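Q: Right, I'll just put the structure down here and ask away after.
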Amino acid sequence: MNPGKPSIAEIVRDEIMRRPFVRECMRLGIVNYSALARMLIADAGLDASIPAVKMALIRLGEELRDERSLLEDRVRGVVGNSIIELQSDVSVITVSKEHLVRVVKDLLEIMSKSRFFQLTQTRDTFTIVIASEDEAKVLGLVKEVVGILRDQTALTVVSPEDIIETPGVVVFMTSALAANGINITQVISCHKDTIFVIGREEAPRAYQVLERIIRGMR
């Protein structure tokens, strides 16, 4: 074997890691390994036989299933010990960074008195999630906004501190909401809290979905 050339097992792992849906099917054990081996040979141009690639896939599948079992236990522990808090009637205001930094002191004054306030920053903008009754105060400070979403509800999932070091918790909850056709307008993570901002009409159903999975993992 050429020491500078990756092995078949390494190539197969790299190819599968780039295909999240295939990887999840392997974790669930619902893959036709012969068909997958043929696909990888064709797509990746592997210079290997179908049996060799299939064997590498089977071994990787066993590893992924073991990882899935351990990860599920950790996710179950975090989700099952979480609680949900709901704040109705919030607005999502996105403004450019240059406009907001000029009035940040006044904004902090609004934040200190609002029943709900979240501020997140991207490269060019700030997004403010605020109680609807305080929306006008923000708009009075910042005349030019990038966009506003009204009639929103904030669902805050308060988890144990283990969430910080447990991968997959947020994706588990967002997948559950997506599977039920619920659109998430904002996702905010702050220490132990995961905040889902959802349209008012979909919020009751979103609450039921999250409550059901939390209770189901206790």
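Q: Taking 35 Å as R0, compute the FRET efficiency from the Cβ-Cβ separation of E10 and T174 and round it to 0.05. Write out the running numbers ahead of the final one.
A: Values: r = 31 Å, r/R0 = 0.89.
Working from the Cβ atoms, E equals 0.65.
Q: Counting only helical runs of four or more DSSP H residues, what would the 222 nm mean residue ellipticity of the chain come to if each run contributes -39,500 (n - 2.57) and the total is spread over all its residues?
A: Working: 9 runs with 108 residues, N = 218.
Helices in the chain give a 222 nm mean residue ellipticity of -15500 deg cm²/dmol.
Q: What is the percent carbon and sulfur in the accessible area of segment 1-108, measuring with a 1.4 Å probe over the protein chains and ignoring ligands?
A: On the way: 3510 of 6580 Å².
Roughly 53 percent of what the probe reaches on segment 1-108 is carbon or sulfur.
Q: Could you tell me the distance between the Cα centroids of segment 188-218 and segment 108-139, to the nearest Å?
A: 21 Å
Q: Still on this structure, please answer the following. Using the alpha-carbon atoms, what tilt in degrees (0 to 90, nearest 10) does helix 169-179 show relative to the longest principal axis of the chain?
A: 90 degrees
Q: Could you give the dipole magnitude of segment 85-218 about its Cα centre, charging the beta-carbon of Lys and Arg +1 and that of Asp and Glu -1, in debye to the nearest 20?
A: Working: 15 positive and 18 negative charges, 9 e Å.
About 40 debye.
Q: Quote to one decimal, in nm, the extra length available between L149 and I50 on full extension: 0.36 nm per residue of separation minus the C-alpha distance between them. All intermediate terms of the calculation are to be shown ahead of the outcome.
A: Working: separation 99, 0.36 × 99 = 35.64 nm, distance 5.27 nm.
Gain in length upon complete extension: 30.4 nm.
Q: In segment 1-95, which trypsin sites (Lys or Arg not before Pro) are in a loop and have at most 10 other Cβ atoms within 10 Å, using DSSP for the loop call? Walk me through the numbers before you get to the answer.
A: Numbers: sites: R13, R18, R23, R27, R38, K54, R59, R65, R68, R74, R76; in loops: R18.
Within segment 1-95, the qualifying trypsin sites (Lys or Arg not before Pro) (loop, at most 10 other Cβ atoms within 10 Å) are R18.
Q: Treating the angle as unsigned and between 0 and 90°, give the value, to the nearest 10°, between the Cα long axis of helix 33-44 and the longest Cα principal axis of the chain.
A: 80 degrees
Q: A follow-up question, please. Please give the per residue accessible area of segment 128-200, computed with a probe of 1.4 Å over protein heavy atoms only, in Å². If you can, show how the numbers build up before the last one.
A: Values: 3470 Å² over 73 residues.
Roughly 47 Å² per residue, with all protein chains present.
Q: Sequence gap of 8 or more, or different chains, plus Cα separation below 24 Å: how many lysine pairs satisfy both in the chain?
A: Summing the qualifying lysine pairs gives 11.
Q: So if R0 is 35 Å, what FRET efficiency would S132 and N81 give, r being the distance between their Cβ atoms, rounded to the nearest 0.05?
A: Values: r = 31 Å, r/R0 = 0.89.
Efficiency, rounded to the nearest 0.05: 0.65.
Q: What range in the chain is the longest one free of GluC sites (Glu not before Pro) that are in a loop by DSSP and have at most 11 other Cβ atoms within 10 angstrom?
A: On the way: sites that count: E144, E201.
The longest uninterrupted stretch comes out as 1-143.
The values are calculated or read from the model by the stated rules, or taken from the named source; none is laboratory data. Quick caveat, the model's predicted, so the values are computed rather than measured. All Cβ positions, even for glycine, are placed from backbone atoms using ideal geometry, and neighbour counts span all protein chains on display. When the accessible area is computed, the model is the full protein with side chains, heavy atoms only, and any ligands, DNA or RNA have been set aside. Shrake-Rupley method; radii C 1.70, N 1.55, O 1.52, S 1.80 Å.
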